[in-house]
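The values are calculated or read from the model by the stated rules, or taken from the named source; none is laboratory data. Predicted, not measured: the structure shown is a model, and the values here were computed from it. Every residue, glycine as well, gets a Cβ built from its backbone with ideal geometry; the counts of neighbours run over all protein chains shown. When the accessible area is computed, the model is the full protein with side chains, heavy atoms only, and any ligands, DNA or RNA have been set aside. Shrake-Rupley method; radii C 1.70, N 1.55, O 1.52, S 1.80 Å.
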Amino acid sequence: MKIIKFLTIFTIIFLALSTTLLIKIDYNYYQTLNFNLVKPSINFFNILNLIYIFLLSISLSEITYIYQKDIIEKNLLIKVFINIISFILIKIFFNMHNLLFTLITSLILFISLLYLYEKIAILNEKSTKYLDINVLYSLLLTAFFFCIYILNSI
C-alpha cells in the first residue's frame with residue numbers, strides 16, 4: 001500500500017512537471033546562435049530535461065510522502081512553484097529569442113533550486129541526493145546561457 005501511494009504521488013508530480021516538455025522550442029534559432037564552444041545537440045538537452053524532471057519528481061514525492069501537507073512549509077511549495085515556472089520561462093523566452101531573459105531565468109532556476117535543496121535538507125537529508133544532479137544541471141545551464149549571451153551580444 002505504501003508503494004502504491006508513493007507511485008501515485010510520483011506520477012502526479014512527474015506529469016505536472018513534464019508538461020514543460022510540450023512547449024515547442026525554435027530549433028532553427030538555436031542553430032543560428034553564434035558560439036564556438038561545444039554546441040550540444042537539442043536531443044542532449046531533451047534527455048537532460050527528462051532526467052531533471054524525473055529526479056526532481058522523486059525528491060518531491062519522497063518529501064510529500066514522508067510529511068503531511070500541514071508540516072511542509074509554505075516557502076517550500078512556493079519555491080517549487082518558482083522552480084517550475086522558471087523552467088517553463090527558459091523555453092518561452094528562448095522561443096522569444098531573448099537571450100538576456102533566458103540568462104536571468106536560468107539564474108532564477110539555479111537560485112530557486114539551491115533554496116529548494118536547503119529546505120529539503122532541513123526536512124530530510126536523504127532526499128537531497130536526487131537534487132544534486134539538478135543543482136549541477138541548473139548551474140551548467142546558467143553558465144551555458146551566459147556564454148551564449150556574451151558571444152552573441154558582442
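For every residue, the table says whether it meets (1) assigned to a loop (DSSP other than H, G, I, E, B); (2) within 22 Å of I90 (Cβ to Cβ); (3) modelled with pLDDT of 75 or more.
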residue: A16; (1), (2), (3): no, yes, no
residue: I25; (1), (2), (3): yes, yes, no
residue: I47; (1), (2), (3): no, yes, yes
residue: I51; (1), (2), (3): no, yes, yes
residue: S61; (1), (2), (3): no, no, yes
residue: Y65; (1), (2), (3): no, no, no
residue: Q68; (1), (2), (3): yes, no, no
Restricting the range 97-111 to residues that are in a helix (DSSP H, G or I) and of a type outside the set (V, I, T), the one nearest to D26 (Cα to Cα) turns out to be L99
Lone qualifier among F45, F14, F35 - being under 21 Å from K129 (Cβ atoms), aromatic (F, W, Y) and surrounded by 12 or more Cβ atoms within 10 Å (Cβ to Cβ)
F14
If you check every pair at least six apart or on different chains, which have Cβ atoms under 6 Å apart with a residue in the range 80-103 that is modelled with pLDDT of 70 or more first and a residue that is of a type in the set (S, T, Y) and open to solvent by 60 Å² or more (accessible area, probe 1.4 Å) second?
L99/Y149; L103/Y149
Considering only the range 131-154, state which residues are surrounded by fewer than 19 Cβ atoms within 10 Å (Cβ to Cβ) and more than 23 Å from I25 (Cα to Cα).
D132, I133, I154
